[in-house]
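Worksheet: one structure, shown below.
The values are calculated or read from the model by the stated rules, or taken from the named source; none is laboratory data. No experiment lies behind these values; they were computed from the predicted model shown. Every residue, glycine among them, receives a Cβ derived from its backbone with ideal geometry; neighbour counts consider all protein chains shown. Heads up: the accessible areas ignore ligands, DNA and RNA and are worked out on the full protein's heavy atoms, side chains in. Shrake-Rupley method; radii C 1.70, N 1.55, O 1.52, S 1.80 Å.
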Amino acid sequence: MRLLLLCLFLYLVGVIQAANTTTATTTSTTTTNDTPSFTTRTLWSIVSSSVFTLFACIYTAVHPNIPSPEDSPLLILRRRLGMMIMALIAPELIVTWAMRQWLSARHVTRQFKESGYFNISLSQEQSETTAETYVEDHDSARLLIAHPEAPTLRYEKTRALAKPFKKLLKTYVLKQSEDYTWTQMHSFFVLMGGFMLYVDKKPYQTLEPDEVLKLIRAECIDVPTLTANQIQDKSKGNAISKGLIILQVAWFVMQLITRPFYGLDVTQLEVGTLAFAVLNFLTYAVWWNKPLNLQCPHPVCWKSTESRPENHIDVRENDQVTGWDILFSAVFGPIFELTGRSDLSGSRKLRVPTFDGSIELEDMDAPILMLAGLLMATIFGGIHCMAWFFAFGTHQEQVLWRISAVATTCTPLLSLLALATASFVDSVICDSVMKKIASIVCWTISSLSPMLYITARVILLVLMFTTLRNLPLDACKAVLWTSLVPHL
């Protein structure tokens, strides 16, 4: 409620400011009805709207995994800053991470439902029967639902149309009951390290989905009793907060698209922010059911007195991380996750790694994920190419922008072609010398591609702000009606 009031207050302030700053402009345009009304915008308004949208894309849209109970607040903050830097430099990898978790969550949901340990509770079944059999009367509006034993052919279309309304009725109107059905939110929860095994009242190890089912079958732990509402209660985000962020990003994209239709210039900062905003929609879509900023896992207590956890599951040890490991993981770790090489990424005992690839993807999911990542990288770089003919302060800045935009667009594809060529050469060429030379060249290209990509991204980020010092006159104008749309 406080957030809604704050947004309403900021919106009213923006409307009043827009009305004050457009008095002279609208007066001068009343002579012709076809001339659109414009308002002026300052450098601060350009920067603030772009930076707020950018912050929404690199911070609020990222749903991190649950930290270890031993992690200090400083370590959690440092890890979150690292994810923000990753989202700034390679946002398509964040989207790929989200898509991988969504694919894994779909697989885990099907696996847990087939296990039979997480069935619908009796009270939920009774609630469904009540919703279908009886007629509920709320606010003098009678909601008629077909009887479940009615003839199928006669009421098939009616029941199909009533299905979404029945879902809303059970969610928001009818009396709520404890529903322990396994949902996609549960799958996201376990994938982000939601279940912690406790032995002798001490945290022992984060349980993976397969380990949870294995220990339940061995009767070493009880079936976790956790509803989707209880998980959502721990989450720091809900449909309203996510909807407000999406509304802000949608407004930014809308007002940016309308500018060329009215002959107004667009700044390089807005073009760069647009690239982040496009990927942000996909991130929110695949992570819509994932809890946000959970800090504590759900305890699962060991109850067997005849065996130890190492007799049933692989007990992992805390990794001894060096400075080289951190650098290698930061640069190449997400790429290995993109290609499904999860065996090359390290893991820790009491938390799930950020770019976790422990869940093996299905046959078609891995290539689809790789192609989706390459497509998003190409789209992200291609949006920067929209500023190819924009006005720059110097010719050197324009050349740097063009080279960096092309490098951002083509480098991921170049790296993939190098890896594919290396695999092809290894299977076709018989000459060992030529095979070795070709492999060295291909692996060198694929290894240097991330460095080239990061360099190009940093250059684009710097130019996004340095080009603000010489703005065209039309860049300081804004279409009046876009300022009246609710935004921050």
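For the range 444-467, indicate whether the set of residues that are open to solvent by 30 Å² or more (accessible area, probe 1.4 Å), part of a strand (DSSP E or B), within 20 Å of THR53 (Cβ to Cβ) and at pLDDT 80 or above is non-empty.
no
Every residue, every condition in (1) touching a helix residue (DSSP H, G or I) at 6+ places or on another chain (Cβ under 9 Å); (2) at pLDDT below 85; (3) charged (D, E, K, R), yes or no:
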site: GLY193; (1), (2), (3): no, no, no
site: PRO203; (1), (2), (3): no, no, no
site: ASP210; (1), (2), (3): yes, no, yes
site: LEU213; (1), (2), (3): yes, no, no
site: ILE221; (1), (2), (3): yes, no, no
site: ASN229; (1), (2), (3): no, no, no
site: MET254; (1), (2), (3): yes, no, no
site: THR258; (1), (2), (3): yes, no, no
site: ASP265; (1), (2), (3): yes, no, yes
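With (1) outside any loop (DSSP other than H, G, I, E, B); (2) open to solvent by 20 Å² or more (accessible area, probe 1.4 Å) as the list, and LEU369 as the residue in question, which single condition is left unmet?
Evaluating LEU369 over (1) outside any loop (DSSP other than H, G, I, E, B); (2) open to solvent by 20 Å² or more (accessible area, probe 1.4 Å) leaves (2) as the failure.
Condition check: aliphatic (A, V, I, L, M), part of a loop (DSSP other than H, G, I, E, B) and open to solvent by less than 30 Å² (accessible area, probe 1.4 Å). Does VAL266 satisfy that? Show your work before the answer.
Working: aliphatic (A, V, I, L, M): yes; part of a loop (DSSP other than H, G, I, E, B): yes; open to solvent by less than 30 Å² (accessible area, probe 1.4 Å): yes.
Yes.
Looking at the range 68-97 only, could you name the residues that are surrounded by 22 or more Cβ atoms within 10 Å (Cβ to Cβ) and farther than 21 Å from THR455 by Cβ?
VAL95, TRP97
Would you tally the residues in the range 224-263 being in a loop (DSSP other than H, G, I, E, B) and surrounded by 13 or more Cβ atoms within 10 Å (Cβ to Cβ)? Before you say what the answer is, go through the steps one by one.
Of all residues in the range 224-263, those in a loop (DSSP other than H, G, I, E, B) come to 224-227, 235-238, 262-263.
Checking which are surrounded by 13 or more Cβ atoms within 10 Å (Cβ to Cβ) leaves us with 224, 226-227, 235, 237, 262.
Going through the range 224-263 one residue at a time, the tally reaches 6.
Do you know which residues across the range 211-270 are over 30 Å from ALA391 (Cα atoms) and among the basic types (Lys, Arg)?
Answer for the range 211-270, where residues must be over 30 Å from ALA391 (Cα atoms) and among the basic types (Lys, Arg): LYS214, ARG217, LYS234, LYS236, LYS242.
Anything in the range 211-223 that is among the acidic types (Asp, Glu) and surrounded by 15 or more Cβ atoms within 10 Å (Cβ to Cβ)? List them, or say none. Quick ask: steps written out before the conclusion?
Kept after step one, since they are among the acidic types (Asp, Glu), are these residues of the range 211-223: 211, 219, 222.
Answer for the range 211-223, where residues must be among the acidic types (Asp, Glu) and surrounded by 15 or more Cβ atoms within 10 Å (Cβ to Cβ): just GLU211.
Go through the range 290-316 and give me each residue that's open to solvent by 70 Å² or more (accessible area, probe 1.4 Å) and either modelled with pLDDT under 70 or of a type in the set (Val, Ile, Thr) (or both).
THR305, the sole residue that qualifies.
Can you pull out the residues in the range 468-488 that are open to solvent by 40 Å² or more (accessible area, probe 1.4 Å) and assigned to a helix (DSSP H, G or I)?
Once the filter is applied, which keeps residues that are open to solvent by 40 Å² or more (accessible area, probe 1.4 Å) and assigned to a helix (DSSP H, G or I), the range 468-488 yields ARG469, LEU473, ASP474, CYS476, TRP481.
Could you run through the range 38-67 and say how many residues are at pLDDT below 85, of a type in the set (S, T, N, Q) and surrounded by 15 or more Cβ atoms within 10 Å (Cβ to Cβ)?
Summing the residues that are at pLDDT below 85, of a type in the set (S, T, N, Q) and surrounded by 15 or more Cβ atoms within 10 Å (Cβ to Cβ) in the range 38-67 gives 2.
Which of the residues belonging to the range 200-210 are more than 13 Å from PHE118 (Cβ to Cβ) and open to solvent by less than 10 Å² (accessible area, probe 1.4 Å)?
Initial filter on the range 200-210 (more than 13 Å from PHE118 (Cβ to Cβ)): 200-208, 210.
Matches in the range 200-210: GLN205, THR206, LEU207.
Would you be able to say whether some residue in the range 216-237 is out of contact with any His (no Cβ under 7 Å at 6 or more places or on another chain) and under 30 Å from LEU484 (Cβ atoms)?
Checked the range 216-237: at least one residue is out of contact with any His (no Cβ under 7 Å at 6 or more places or on another chain) and under 30 Å from LEU484 (Cβ atoms).
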